[in-house]
1. Would it be correct to say that Thr78 is more than 9 Å from the ligand (Cβ to nearest atom), polar (S, T, N, Q) and not in a loop (DSSP other than H, G, I, E, B)?
2. Look at Asn82 and say whether it is polar (S, T, N, Q) and more than 28 Å from Asp155 (Cβ to Cβ).
3. Could you tell me whether any residue of the stretch 196-206 is outside the structural domain of Arg37 (by TED's automatic domain parsing), open to solvent by 30 Å² or more (accessible area, probe 1.4 Å) and closer than 29 Å to Arg24 by Cα?
4. Within the stretch 34-46, is even one residue near the ligand (Cβ under 9 Å from one of its atoms), modelled with pLDDT under 95 and surrounded by fewer than 18 Cβ atoms within 10 Å (Cβ to Cβ)?
5. Quick check: is even one residue across the stretch 15-24 in contact with a strand residue (DSSP E or B) (Cβ under 6 Å, 6 or more places away or on another chain) and either near the ligand (Cβ under 9 Å from one of its atoms) or part of a loop (DSSP other than H, G, I, E, B) (or both)?
6. Here is a list of conditions, (1) surrounded by fewer than 17 Cβ atoms within 10 Å (Cβ to Cβ); (2) more than 15 Å from the ligand (Cβ to nearest atom); (3) not in a helix (DSSP H, G or I), and Glu101 meets all of them except one; can you say which number that is?
7. Could you go through the stretch 130-147 and let me know if any residue there is open to solvent by 70 Å² or more (accessible area, probe 1.4 Å), of a type outside the set (Phe, Trp, Tyr) and in a helix (DSSP H, G or I).
Amino acid sequence: MRLLILGGTGDARALAARLGEEERHSVIVSLAGAVARPEVYGAHTRIGGFGGVEGLVAYLRENSIDAVVDATHPFARTMSANAVAACDRAGVALLRLDRPEWRPEAGDDWREVTDLGEAVAALPHGARPFLAIGRKEIGVFAPRGDLFCLIRMIDPPAPDQPLPAGRLVLGRPPEDAHVEVAAFRDHGVTHVVTKNSGGPWGYAKIEAARRLGLPVVMVRRPPCAGAQAVADTQAVLAWIARLSERC
Ligand code: NAP
């Protein structure tokens, strides 16, 4: 089968690697081009938007794609909605890989909010938040002149990007909570602001907040477009195996 994985996540990388080991299918991974140097995927990779639903329908047809796995980030809802519409139009099977949300554990102090606007409002005057929310939406914190933020993003922001006051650190999230604890102590972080991404990537900041007794302003996931969904790579592989038996 010819499979298209919509990527940009650790889940997509893990899935591409597993399918690469099996060598049974032809796999293309698609990335938005959101980061300058994406991590390596064990499959052929294309980069850049398709041009909306129309563009994706054309891509699926031109490349004779049999099935699409939407393994985009849980907050990349435009791409997910486009995948539902395009696969429906092109008659291509679609599965959403939706990793489980993080849940608060004993010792966690979460303030759940519905979007980043609410996250901004949830921070008290003079807070020193840690912000790991990506480049695109960081500007919503800029009007809060009373904050002093520790901001982490993979690539530098655009020169005209409004940023809140604070310190900017470039890099991917560390796997080790000790590293986050040290950074939070160093900067005097008082709150952690994050999207409820789920998965192991980026969980170190939640663990660090727990260890330091810091409140976490947790942005809930937006509602998902109506694709059939599974929670892990194993279930995707089983779905692909069932489809390929029918092909
Ligand atoms: P989005 O708002 O859902 O999508 C915006 C546009 O970007 C889409 O309409 C599509 O352009 C293009 N696009 C997104 N994902 C794509 C993919 N895998 N392949 C090709 N084109 C893609 O997406 P986003 O929130 O900006 O996220 C962009 C990428 O970063 C996604 O791949 C996502 O998995 C990853 N990511 C996002 C977040 C987050 O917090 N949102 C966090 C970590 C990683 P066209 O309409 O032109 O096709």
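1. Numbers: more than 9 Å from the ligand (Cβ to nearest atom): no; polar (S, T, N, Q): yes; not in a loop (DSSP other than H, G, I, E, B): yes.
Judged against the criteria, Thr78 is not a match.
2. On the way: polar (S, T, N, Q): yes; more than 28 Å from Asp155 (Cβ to Cβ): no.
The answer is no for Asn82.
3. In the first step, residues of the stretch 196-206 are kept if they are outside the structural domain of Arg37 (by TED's automatic domain parsing); the result is 196-206.
With open to solvent by 30 Å² or more (accessible area, probe 1.4 Å) added as a condition, the list becomes 200-201, 203.
Still in the list and also closer than 29 Å to Arg24 by Cα: 200-201.
Yes: one or more hits.
4. Yes - at least one qualifying residue is present in the stretch 34-46.
5. Looking through the stretch 15-24, none of the residues is in contact with a strand residue (DSSP E or B) (Cβ under 6 Å, 6 or more places away or on another chain) and either near the ligand (Cβ under 9 Å from one of its atoms) or part of a loop (DSSP other than H, G, I, E, B) (or both).
6. (2)
7. no
The values are calculated or read from the model by the stated rules, or taken from the named source; none is laboratory data. If you're wondering where the values come from, they're calculated on a predicted model, not measured in any experiment. Virtual Cβ from ideal backbone geometry, glycine too; neighbours counted across all protein chains shown. With ligands, DNA and RNA removed, areas are computed over all heavy atoms of the protein, side chains included. Shrake-Rupley method; radii C 1.70, N 1.55, O 1.52, S 1.80 Å.
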